[in-house]
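Asker: This is the structure I have questions about; it appears just below.
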Amino acid sequence: MSATMSAALSSRGRTWFEAIAGGAARLDGGPASVLAADVAIGGDTVRVISVVTNPDNRFPRAREGEVGLDEGWGVAARVREVFGPEKRAILAIVDVPSQAYGRAEELYGIHLACAAAADAYASARLAGHPVVSLVVGRALSGAFLAHGYQANRVLALDDPKISIHAMGKQAAARVTKRSVEQLETLGEEILPLAYDVRSFAKLGLVHELIGGVDADAPSAEDAAKVTARIADAIADARSRPRDLSSRLASPEARENRAASIRVREALAAQWG
Amino acid sequence: MSVPALMSRTSFVELNARERARALLDDGSFRELLGPFDRIESPWLARQNIVPQADDGVVVARGTIGGVAAVAIAIEGAFQGGSTGEVSGAKIAGALELAAKDAKAGKPIRPVLVFETGGVRLQEANLGLAAMADVHAAVVALRRHAPVVGVIAGMIGCFGGMGITAGLVSRLIVTRQARLGLNGPEVIEQNAGVEELDSRDRPLIWSLTGGEQRHAVGLADDLVADDADALADAVRAAFERGQPAEHQSERIAFWRGRLERLPATPEGPALRKLWMGDRP
């Protein structure tokens, strides 16, 4: 990846936060790597949250937009602040390269920090808050599990630079003892191994792919278009079940997550 | 442990997943769901020249714990490192979803998860990750109605997305052989370099993420000897305690407060000194 491409990708979380939040005031408190604002979208006051780079992060392994200790707990706090009778919607803007890989992170319980974030989003959803995530860059591994994957509705920009996976390419190649080229070839043959957003959508995990916008430098029209899709997703989430069952209901899921469905049917039949 | 006790105990660590599930359920109550004869295997492994396994490395068993209806879900570390694939993940999430349905309907259920895994199976990548999100969703939904107990025995431990799951359970039981974290030491060394973490330094690894350390700072609730009977007793006792007042993953102010009190260098013993005073 070239330096410019990397720089463009690493700023998408901030770029889209600013495009969606517009002039809304940034909320004080929390780490500088967790942006939050309350934004009027489709008649709702939506809590918008994005995890972004911070070169001064006190934890060096979390300076590139990774979800680390402060980010996990910070996101959890931002989500739980919204809990209340109004059932306000929550939007996670997702551009996270990974969880933070470090010794301090492990010792101080990064697994619990990520659990806190996932818990907050899931609890919000179960309490009736529509939770929508908008994937604008990377949605990788534990970082995505913590920030975005518990949403009722996952939206994603239809953009070739988006990357969604269980592990970044270089690291996955090392762990599976394959070359990056081999991984890319395998991804073309075996759908769940692909990194691109269109392959991901074929698994039935995306509510809507949003095309025709400039993902690196969105215009005002692009922002308005995406905001309208967010408003629709919020309205849709409000009228449907609060669990994640919609991810198994689409024609794509029936085709490419058939085993996930079959296992549940067989378990139910034998449960007793 | 005395010599006679050592001679008579059954090591839980050395049991496979099926035996572990059996050991935690009341005697004679074990009934496996989706057993090997159902042959629901991974649809993705064979085309990568990996021989699938009929249970995909997860055992789901109904039975009773302390006379109350239960489900034991045990991950088999010997198959693909206990990794979560589409089928194994769906077995875990699906069983938890059914348990939640029972609990919500007022039917008592005691769900126990036995972890032994490095996390998502990279050979099923995005479907493993999707299943992991389903598992997290299911634990959060279930624990609103019934406590969920987790056990990490070792020797693989519990890492990756399943480490997040361990952070969501109502009560977590570990042995000294257990490890708990998000990123395994090999992955940290590969990504951040050997100067960040030497994955071959086993005493160091256990001093950071081992069961004793996790228990000492309150990242695990109970530290139990590697003895099948002792672990079964601990699991039963955990259910008898009922719901915690607050789950650890909800205690934002407490844990953020602790993160303001860190040692000069990330060392296990130094952290214990700082954090043990207010062990949750």
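Asker: Among A:Leu267, A:Leu205, A:Leu209, which is closer than 16 Å to A:Leu157 by Cβ, in contact with a helix residue (DSSP H, G or I) (Cβ under 6 Å, 6 or more places away or on another chain), within 14 Å of chain B (Cβ to nearest Cβ) and free of Cβ contacts under 8 Å to residues at least 60 places away in the same chain?
Answerer: Result of the check over A:Leu267, A:Leu205, A:Leu209: A:Leu205.
Residue-by-condition table, conditions (1) in a helix (DSSP H, G or I); (2) farther than 24 Å from B:Ala93 by Cβ; (3) over 18 Å from the mean Cα position of the chain (by Cα):
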| residue | (1), (2), (3) |
| --- | --- |
| A:His111 | yes, no, no |
| A:Leu134 | no, yes, no |
| A:Gly137 | no, yes, no |
| A:Ala151 | no, no, no |
| A:Ala171 | yes, yes, yes |
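Asker: Do we find a residue being of a type in the set (D, E, K, R), at pLDDT 95 or above and out of contact with any Pro (no Cβ under 6 Å at 6 or more places or on another chain) anywhere in the range B:39-50?
Answerer: No, because not a single residue in the range B:39-50 is of a type in the set (D, E, K, R), at pLDDT 95 or above and out of contact with any Pro (no Cβ under 6 Å at 6 or more places or on another chain).
Asker: What residue, among those in the range A:116-143 that are facing another protein chain (nearest Cβ under 9 Å) and within 12 Å of A:Arg238 (Cα to Cα), is surrounded by the most Cβ atoms within 10 Å (Cβ to Cβ)?
Answerer: Among residues in the range A:116-143 that are facing another protein chain (nearest Cβ under 9 Å) and within 12 Å of A:Arg238 (Cα to Cα), the one surrounded by the most Cβ atoms within 10 Å (Cβ to Cβ) is A:Arg125.
Asker: Still on this structure, I have one more. Among (1) surrounded by fewer than 19 Cβ atoms within 10 Å (Cβ to Cβ); (2) at pLDDT 95 or above; (3) within 23 Å of the chain's Cα centre (by Cα), where does B:Glu260 come up short?
Answerer: The number of the failed condition is (3).
Asker: In the set B:Glu124, B:Glu196, which member is within 9 Å of chain A (Cβ to nearest Cβ), at pLDDT 95 or above and either over 27 Å from B:Trp44 (Cβ atoms) or in contact with a helix residue (DSSP H, G or I) (Cβ under 9 Å, 6 or more places away or on another chain) (or both)?
Answerer: B:Glu124
Asker: So, in the range A:176-191, how many residues would count as being part of a helix (DSSP H, G or I), surrounded by 15 or more Cβ atoms within 10 Å (Cβ to Cβ) and without any contact (Cβ under 8 Å) to a residue 24 or more places away in the chain?
Answerer: 5
Asker: While we're looking at this one, here's another question. Could you check the range B:49-76 and list, in sequence order, the residues that are farther than 13 Å from B:Leu33 by Cα, surrounded by fewer than 24 Cβ atoms within 10 Å (Cβ to Cβ) and either more than 16 Å from the chain's Cα centre (by Cα) or not charged (D, E, K, R) (or both)?
Answerer: Scanning the range B:49-76 gives B:Asn49, B:Ile50, B:Val51, B:Pro52, B:Gln53, B:Thr64, B:Gly66, B:Gly67, B:Val68, B:Ala69.
Asker: Give the residue, chosen from A:Ala235, A:Ala223, A:Ala253, A:Ala228, that is within 12 Å of chain B (Cβ to nearest Cβ), part of a helix (DSSP H, G or I) and of a type in the set (Gly, Ala, Ser).
Answerer: Step by step, each of A:Ala235, A:Ala223, A:Ala253, A:Ala228 is checked, and only A:Ala253 is within 12 Å of chain B (Cβ to nearest Cβ), part of a helix (DSSP H, G or I) and of a type in the set (Gly, Ala, Ser).
Asker: Would you confirm whether any residue within the range B:87-97 is within 24 Å of A:Ala116 (Cα to Cα) and surrounded by fewer than 24 Cβ atoms within 10 Å (Cβ to Cβ)?
Answerer: Checked against the condition, which is being within 24 Å of A:Ala116 (Cα to Cα) and surrounded by fewer than 24 Cβ atoms within 10 Å (Cβ to Cβ), the range B:87-97 yields at least one hit.
Asker: Do the conditions hold for B:Leu204, that is, is it at pLDDT 95 or above, more than 7 Å from every other protein chain (Cβ to nearest Cβ) and out of contact with any strand residue (DSSP E or B) (no Cβ under 6 Å at 6 or more places or on another chain)?
Answerer: yes
Asker: Mind listing just one residue for me: the one in the range A:81-103 that is over 24 Å from A:Leu157 (Cα atoms) and crowded, with 24+ Cβ neighbours inside 10 Å and, of those, farthest from the other protein chains (Cβ to nearest Cβ)?
Answerer: A:Ala100
The values are calculated or read from the model by the stated rules, or taken from the named source; none is laboratory data. Computed from a prediction, not measured in an experiment: that's the story for all the values here. Backbone-built Cβ (ideal geometry, glycine too); neighbour counts: all protein chains shown.
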